[in-house]
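The values are calculated or read from the model by the stated rules, or taken from the named source; none is laboratory data. Note that the structure is a prediction, hence the values are computed from the model and not measured. Every residue, glycine among them, receives a Cβ derived from its backbone with ideal geometry; neighbour counts consider all protein chains shown.
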Amino acid sequence: MLQVMHDAMQDDSERRALEEDITGKILWTCWRGIALEIQHVVENVTDRIQMMDDVALETRAHCLWDIGQVFKQTLPEPPDDGRAHLRRIMADAKADTSKYQLIRSARRAGGGVGRETSEESR
């Protein structure tokens, strides 16, 4: 259905906006999946460390502390990493903001975003 809708569009700005919306949703879904998988693995590892009765409590505590230090030292990538556009479309997807719908709404309200298609000028 999206492919048919995309192919039927005559306006490049609407087409690009729809492509961006779809890409953002895909990226956001992948990001959430990866984050949940990492969380699950870390929970399993920390649970196993805590349940190791044959290892001294102090040693287990040190292992957990080491894991915490790894996460603490992990920094987000700098904002000038060339991925700002991808971060923005993921943020839009997270907020359920559709650039395509914003463009369509602005045109209906007379905002004149982009070029008007023959269908809209009727």
Practice problem: State all residues of segment 43-77 that are more than 30 Å from ARG87 (Cα to Cα) and either small (Gly, Ala, Ser) or touching a His at 6+ places or on another chain (Cβ under 7 Å) (or both); if no residue qualifies, say none. | Solution: ALA56, ALA61
Quiz item: Taking segment 70-87 only, how many residues are exposed (fewer than 10 other Cβ atoms within 10 Å of the Cβ), at pLDDT 80 or above and in a loop (DSSP other than H, G, I, E, B)?
Solution: 1
Self-check item: Verdict on ARG48 being at pLDDT below 95 and either exposed (fewer than 13 other Cβ atoms within 10 Å of the Cβ) or part of a helix (DSSP H, G or I) (or both)
Solution: no
Quiz item: Can you find even one residue in segment 54-61 that is touching a residue at least 24 places away in the same chain (Cβ under 8 Å), in a helix (DSSP H, G or I) and touching a helix residue (DSSP H, G or I) at 6+ places or on another chain (Cβ under 8 Å)?
Solution: no
Exercise. Could you tell me which residue of segment 1-32 is farthest from SER105 (Cα to Cα), considering only residues that are surrounded by 13 or more Cβ atoms within 10 Å (Cβ to Cβ) and of a type in the set (Ser, Thr, Tyr)?
Key: THR23
Exercise. Would you mind telling me which numbered condition in (1) assigned to a helix (DSSP H, G or I); (2) more than 25 Å from ALA93 (Cβ to Cβ) VAL41 fails?
Key: (2)
Quiz prompt | Flag if ALA35 is more than 20 Å from the chain's Cα centre (by Cα) and loosely packed, with under 12 Cβ neighbours inside 10 Å | solution = no
Self-check item: Candidate set from segment 88-97 (those that are farther than 30 Å from THR46 by Cβ and of a type in the set (D, E, K, R)); member that is surrounded by the fewest Cβ atoms within 10 Å (Cβ to Cβ)
Solution: ASP96
